[in-house]
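Written below as structure tokens is the structure these notes are about.
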Amino acid sequence: MKKVAIGSDHGGYQLKETIKKYLTELGIEYLDFGCQANESVDYPDIAFLVGETVATNDQYVGIMIDGVGIGSGMVLNKIPGVRAAVCWDLSSVINSKEHNNANVLSIGGQFIGEGLAKQLVKTWLETEYAGGRHDRRVTKMMEIESRFLHRLGRF
């Protein structure tokens, strides 16, 4: 099982603390990138740290929790090598891993209850990438990223 880089903004802080305890129960190691209280923080700063860890260390997957999950998902997908999925239900969680080989899960702390969040996290961590016909599409995703970075002279 991979290690988890986890983070949240103030809108996801309480749920992040619950998920950290749950990860410990599951025997999964994690790094907590904040936030450390309910005080207002900017989710892009924390999402960047989670995404950077995933993009530079293949031992990690990421979980980011902000108020709804959308903002962090947008930030995470700006980071080369990150395939973040914003998910709200089990079907989207399974699809994100099986079909898209997502390496970061972004969820909403003010949108999803603790019980469902635990199910989503456990299912996401246990779901394997199916490969096969999906390899072509995931490869294309990464090639598009690479082509764009080349055009910008950043790669």
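Below are the figures for this structure:
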quantity: Candidate set from the stretch 10-33 (those that are free of Cβ contacts under 8 Å to residues at least 60 places away in the same chain, touching a strand residue (DSSP E or B) at 6+ places or on another chain (Cβ under 7 Å) and farther than 19 Å from M74 by Cβ); member that is most open to solvent (accessible area, probe 1.4 Å); calculated: E29
quantity: Any hit, the stretch 124-135, residues being open to solvent by 70 Å² or more (accessible area, probe 1.4 Å) and under 18 Å from I6 (Cα atoms); calculated: yes
quantity: Subset of the stretch 73-91 [surrounded by 22 or more Cβ atoms within 10 Å (Cβ to Cβ) and more than 13 Å from the chain's Cα centre (by Cα)]; calculated: none
quantity: From I94, I63, I70, residue being modelled with pLDDT of 95 or more and open to solvent by 70 Å² or more (accessible area, probe 1.4 Å); calculated: I70
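The values are calculated or read from the model by the stated rules, or taken from the named source; none is laboratory data. Please read all numbers here as calculations on a predicted model, not as lab measurements. Here Cβ is always computed from backbone atoms with ideal geometry, including for glycine, and neighbour counts include all displayed protein chains. For accessibility, only protein heavy atoms count, side chains too; no ligands or nucleic acids. Shrake-Rupley method; radii C 1.70, N 1.55, O 1.52, S 1.80 Å.
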